[in-house]
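For reference, the structure is listed below as structure tokens.
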Amino acid sequence: MEGPYTLTEKEVDRVVARKSPGAYILDRKKLPEQTFYVYYAGRSDVDVNARLKQHLGNYSRFKFEYHSSPKSAFEKECNLYHDFNPPDNSVHPARPANSGWKCPRCTAFD
Ligand SMILES: [Zn+2]
């Protein structure tokens, strides 16, 4: 993933310039030299830039990557969720209604 970057509106617009599906992780620590700790993992099916801005004020740094499809972003989010078990993700990543998508890592949707 790209980053870490500072989670500000200006920085999100600078580094996430494309409107695209994507996945991201968020950290609360402020100093650039501190190890990135994954407090939250998320995705957007349509616009990762806009989704990141919903977290302004609650987190300090982010990493992200674009995905070519919503399904790919969903599968990445699932992998991040299972890899890091982020403390702020209280529930398993959701899938769009009627999508039929399955988690690549568990049986949550079987
Ligand atoms: Zn899963």
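The values are calculated or read from the model by the stated rules, or taken from the named source; none is laboratory data. Please read all numbers here as calculations on a predicted model, not as lab measurements. Quick reminder, even Gly has a Cβ in these numbers, built from the backbone with ideal geometry, and neighbours come from all protein chains shown.
Can you pull out the residues in segment 63-93 that are more than 11 Å from the ligand (Cβ to nearest atom) and farther than 30 Å from LYS30 by Cβ? Of everything in segment 63-93, those that are more than 11 Å from the ligand (Cβ to nearest atom) and farther than 30 Å from LYS30 by Cβ turn out to be SER68, SER69, PRO70, LYS71, SER72. The set of residues in segment 1-25 being in contact with a His (Cβ under 6 Å, 6 or more places away or on another chain) and in a strand (DSSP E or B) consists of GLY22 alone.
Within segment 35-81, restricting attention to residues that are among the acidic types (Asp, Glu) and more than 19 Å from LYS10 (Cβ to Cβ), which residue is surrounded by the most Cβ atoms within 10 Å (Cβ to Cβ)? Selected residue: GLU77. In segment 96-110, which residue that is exposed (fewer than 11 other Cβ atoms within 10 Å of the Cβ) and more than 21 Å from PRO21 (Cα to Cα) is nearest to the ligand (Cβ to nearest atom)? Across segment 96-110, the extreme among qualifying residues is THR107.
Which one of PRO32, PRO87, PRO93 is in a loop (DSSP other than H, G, I, E, B), at pLDDT 95 or above and surrounded by fewer than 18 Cβ atoms within 10 Å (Cβ to Cβ)? After ruling out the rest, the residue left standing is PRO87.
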